[in-house]
Amino acid sequence: MRFASIGSGSRGNATLISQGKTTLLVDCGFSARETEKRLQRLNINASDLSAIVVTHEHADHINGVRVLARKHKLPVFATAGTAGCLAADVAEYVTEFSCHETFNIGDIEVQPFPVPHDAREPSQFVFHNGQHKLGLLTDVGSITPIIEEHLTACDALLLEANHDRAMLDDGDYPEHLKYRVSGRLGHLNNVQSAKLLEKIDTSRLQHIVAMHLSEKNNSPNIVSPLFAQALECDQSWITIAQQDTGFDWRELTNG
Ligand SMILES: [Zn+2]
Ligand SMILES: [Zn+2]
């Protein structure tokens, strides 16, 4: 199983998970045209995608879903709550899934789980290929037992580190936005994410990527040492997903 990102952050998100002949685009927060351009950097044609899997309806996750799905006739997987927020003319491409039931798309098993975030029916995912387990968690305001249960013993983890609490508090966001971002239905701060890493089993981890960093209220220089400390590893091992470039293909290997 391999994975990559074409961009991560509040200006757009899209992650690729690939196994055998199956390639999933998880979220499409960029315009269809921009998505196609960025996919080319990773040697992927949008028409080669197997499906778009949507986490929730916020614009930074669905901006390009409608046009990309219609143009390339791509199946779109979403919860009923999320699907209800997508444009009506994309409905014919949508397959609804339950947050509590595992399903397969081609060679990839997709295990959704519900998360606390201020959207209709947001979910995040664990992806399996029969050998490896890859966990994705962004856009979540607080850690629940269900999240810990799903993300334990992953081989790769793509984990939100949205903001540094002090930078957010001292920054120039309006009060209501500070409240929203830091709230129980907002986004994970660095310490929340590091605590999750300390709590779950990370003994199998081959890759750790910090995702959805705020450009205003966070810095890789804060995230990397914090994650390294939580994982008792070298800072150079921590990958930071970039807003403009995401990160290049990573591969899960045996042994
Ligand atoms: Zn987001
Ligand atoms: Zn969101």
Original post:
Which pairs break 23 Å Cα to Cα here: Lys21/Lys133; Lys37/Lys71; Lys178/Lys199?
Top reply: Lys178/Lys199
**OP:** Using a Förster distance of 41 angstrom, determine the FRET efficiency expected from the C-beta separation of Ala59 and Glu109, and round it to 0.05.
**Re:** 0.90
Subject >> Hull shadow area, averaged, the chain [alpha-carbon convex hull, nm²] >> reply: 12.4
Original post:
If the chain between Lys71 and Glu215 were fully stretched, how many nm would it gain, using 0.36 nm times the residue separation less the Cα-Cα distance?
Top reply: 48.7 nm
Original post:
What ranking of Val67, Val26 emerges when the number of other C-beta atoms within 10 Å of each C-beta is taken as an exposure proxy, fewest first?
Top reply: Val67, Val26
**OP:** Name the residues whose placed amide hydrogens come within less than 5 Å of the amide hydrogen of Thr22, ignoring near sequence neighbours (fewer than 5 apart) on the same chain.
**Re:** Asp107
**OP:** Convert each backbone phi in the stretch 75-85 into a coupling constant with the Karplus relation 6.51 cos²θ - 1.76 cosθ + 1.60 (shift: θ = phi - 60°), then list the ³J(HN,Hα) values in order as whole Hz, x for Gly and Pro.
**Re:** x, 10, 10, 8, 5, 4, x, 5, 4, x, 9
Original post:
Using modelled backbone amide H atoms (1.01 Å from N, in-plane), which distant-in-sequence or interchain residues come within less than 5 Å of Gln242's amide H?
Top reply: Ser8, Phe247
Original post:
Could you work out the helix-only [θ] at 222 nm for the chain, with each DSSP H run of four or more residues adding -39,500 (n - 2.57) and the total divided by the number of residues, to the nearest 500 deg cm²/dmol?
Top reply: -7000 deg cm²/dmol
Original post:
Taking the stretch 115-172 as the region of interest, what is the percent of Cα-Cα pairs per 5 angstrom bin, listed from the shortest bin to the one with the maximum distance?
Top reply: 4, 17, 23, 20, 16, 11, 5, 2, 1, 0
Original post:
Looking at the chain, which longest stretch skips every one of the GluC sites (Glu not before Pro) that is in a DSSP loop with at most 14 other Cβ atoms within 10 Å, leaving the sites themselves out?
Top reply: 102-214
Subject >> Whole-Hz ³J(HN,Hα) from phi, Karplus 6.51 cos²θ - 1.76 cosθ + 1.60, for the stretch 140-156, glycine and proline x >> reply: 8, x, 8, 8, 10, x, 5, 5, 4, 4, 6, 8, 6, 6, 7, 8, 8
**OP:** Return the loop-located trypsin sites (Lys or Arg not before Pro) in the stretch 1-101 (DSSP other than H, G, I, E, B) with at most 12 other Cβ atoms within 10 Å of their own Cβ; answer none if there are none.
**Re:** Lys21, Lys73
Original post:
Dividing the Cα convex hull volume of the stretch 105-255 by residue count, how many Å³ per residue is that?
Top reply: 120
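Throughout, read-outs are computed from the coordinates displayed, never taken from laboratory work. Fair warning: this is a prediction, and the values are worked out from it, not measured in the lab. A quick note on method: Cβ atoms are made from the backbone with ideal geometry, for glycine too, and the neighbour counts reach across all protein chains shown.
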